[in-house]
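Visitor: Here it is: the structure, laid out below.
Read-outs throughout are calculated quantities, based only on the coordinates presented, and are distinct from any laboratory measurement. No experiment lies behind these values; they were computed from the predicted model shown. Cβ placement follows ideal geometry from the backbone for every residue including glycine, while neighbour counts extend to all protein chains displayed.
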Ligand SMILES: Nc1ncnc2c1ncn2[C@@H]1O[C@H](COP(=O)(O)OP(=O)(O)OP(=O)(O)O)[C@@H](O)[C@H]1O
Ligand SMILES: [Mg+2]
């Protein structure tokens, strides 16, 4: 229950005899009191380094970290009011699961019946009551992970850090525990930063998501902001499954309107869209993005282009159709089966409201939606 501020934090590792590694680069993150934030990014992008700096297991190379307005980045870990569930669990082998979970509380407030009650409660929440009297070496990786998570959660510390807290669990259990975890964090107003590779988990659990790549913060926003208004090409293509379709495109004025041509691999126009108003990016080479779910397939009459079907799979609740237009390969998703086979013609429409434009060089977003026709 406290505000957490990372103020232009950097981390450079200097392994002996090796090149320095710049793991985190000037990251500024303002986590509100009681907020749940996900750190999302590919392997090696600096997520664990960020958590370890907040918890005090790594020094910050530059910048400051504040909790509730107080600078904590020079304090030893035990004085930071931060609980952490580690990526590698770090359980105490000589202690039973129940002792591992209750350990921090014992240290904080001495033995009491309250501790046993809270251990049981958190064990029930995470479905590990049956292993409370076992030792960490004889339980599964998924059980170790939940023990480690329980040990961090039980403290209800001002700031909780969870490093991939459910990565070992099968999807069904994960979905159930995700909902319970969210309820618990909200009930106790816990300021939480958790790391995940899984965008579904990030979207389901977090109030805001920090998308990272190569040590840099790419965007910090609500799941809806990240999905609907990605700040650059990296975020646009990283978030969303299947990923956003991205094409080279050329923009040219056409009377009072704008013509946007998607370009094939040799720069030839593959399809053309007409936007009602003049575009600020006229004359520029841009990248055009559209999410698979937002392409209208079988758009009779108002089609923008005709594609040729490459593959068409019905997945039980949605169709994934891969097709080609002027040398561009495109993926579309519909929630109804589509009667089309490889080689068939397919009329498609790219609704202007769903079109994103990005600067071709910097990757920065220029527009999200081009107005309606
Ligand atoms: N102690 C260390 N010494 C040197 N380099 C390190 C050290 N710890 C991490 N790194 C490097 O810093 C970068 C970021 O590592 P980090 O563990 O923070 O990434 P991550 O996003 O948590 O990755 P993953 O998703 O695989 O857990 C990587 O290039 C990693 O190799
Ligand atoms: Mg990590």
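Visitor: Efficiency by 1/(1 + (r/R0)^6): what FRET value for residue 329 and residue 42, r their Cβ-Cβ distance, R0 = 30 Å, to the nearest 0.05?
Guide: E between residue 329 and residue 42, to the nearest 0.05, is 0.85.
Visitor: Roughly what would the spin-label model give for residue 228 and residue 256, points 7 Å off Cα along C-beta, in nm?
Guide: Placing both labels 7 Å beyond Cα along the Cβ direction yields 2.8 nm.
Visitor: For the chain, find the longest principal axis of its Cα atoms and tell me its angle to the long axis of helix 113-125, 0 to 90°, nearest 10.
Guide: 30
Visitor: Name the residue, out of 288, 233, 106, whose mean-square fluctuation peaks in a Gaussian network model built on the chain with Cα pairs under 10 Å.
Guide: 106
Visitor: If you don't mind, there's one more thing I want to ask. What is the fewest-to-most order of 244, 50 by other Cβ atoms lying within 10 Å of their Cβ?
Guide: Ordered from fewest to most neighbouring Cβ atoms within 10 Å, 244, 50 come out as 244, 50.
Visitor: What number, rounded to the nearest 500 deg cm²/dmol, is the helix-based mean residue ellipticity at 222 nm of the chain, given -39500 (n - 2.57) per DSSP H run of at least four residues and division by all its residues?
Guide: Taken over the chain, the calculation gives -6500 deg cm²/dmol.
Visitor: At what distance in nm do the modelled label points of residue 359 and residue 90 sit from each other, each positioned 7 Å from its Cα along Cα→Cβ?
Guide: Computed distance between label sites residue 359 and residue 90 equals 4.0 nm.
Visitor: Could you compute Rg(Cα) / (2.2 N^0.38 Å) for the stretch 90-203, with N its residue count?
Guide: Working it through for the stretch 90-203, the quotient is 1.01.
Visitor: Moving on to the next point. If you rank 153, 315 by fewest surrounding Cβ atoms within 10 Å, what's the result?
Guide: By the 10 Å Cβ count, ascending, the order reads 315, 153.
Visitor: Using only the alpha-carbon atoms, how far is helix 97-109 inclined from the longest principal axis of the chain? Give it as 0 to 90 degrees, nearest 10.
Guide: Helix 97-109 sits roughly 70 degrees off the main axis of the chain.
Visitor: Just to confirm the number: angle between the C-alpha axis of helix 141-153 and the first principal axis of the chain, 0 to 90 degrees, nearest 10?
Guide: Compared with the principal axis, the helix lies near 70 degrees.
Visitor: Where the eigenvalues come from the Cα gyration tensor of the stretch 294-373, what are the semi-axes √(5λ) of the equivalent ellipsoid, largest first, in whole Å?
Guide: 24, 14, 13
Visitor: State whether the stretch 219-328 is rounded, prolate or oblate according to the following rule on the C-alpha gyration tensor (a ≥ b ≥ c being the square roots of its eigenvalues): a/c under 1.5 gives rounded; otherwise a/b larger than b/c gives prolate, and the remaining case gives oblate.
Guide: oblate
Visitor: Among 344, 207, rank each residue by its count of other Cβ atoms within 10 Å, from fewest to most, as a rough exposure measure.
Guide: By the 10 Å Cβ count, ascending, the order reads 344, 207.
Visitor: Okay, moving on. Give me the Kirkwood hydrodynamic radius of the chain, using the inverse of the mean 1/r over all pairs of distinct Cα atoms, in Å to one decimal.
Guide: After inverting the pairwise mean of 1/r, the radius is 23.2 Å.
Visitor: Once you've got the GNM for the chain with C-alpha springs shorter than 10 Å, pick whichever of 148, 347, 237 has the biggest mean-square fluctuation.
Guide: Checking each option, the largest mean-square fluctuation is seen for 347.
Visitor: Taking the mean number of other Cβ atoms within 10 Å as a proxy for protection, how do you rank 87-97, 349-359 from highest to lowest?
Guide: The densest-packed peptide leads the list: 349-359, 87-97.
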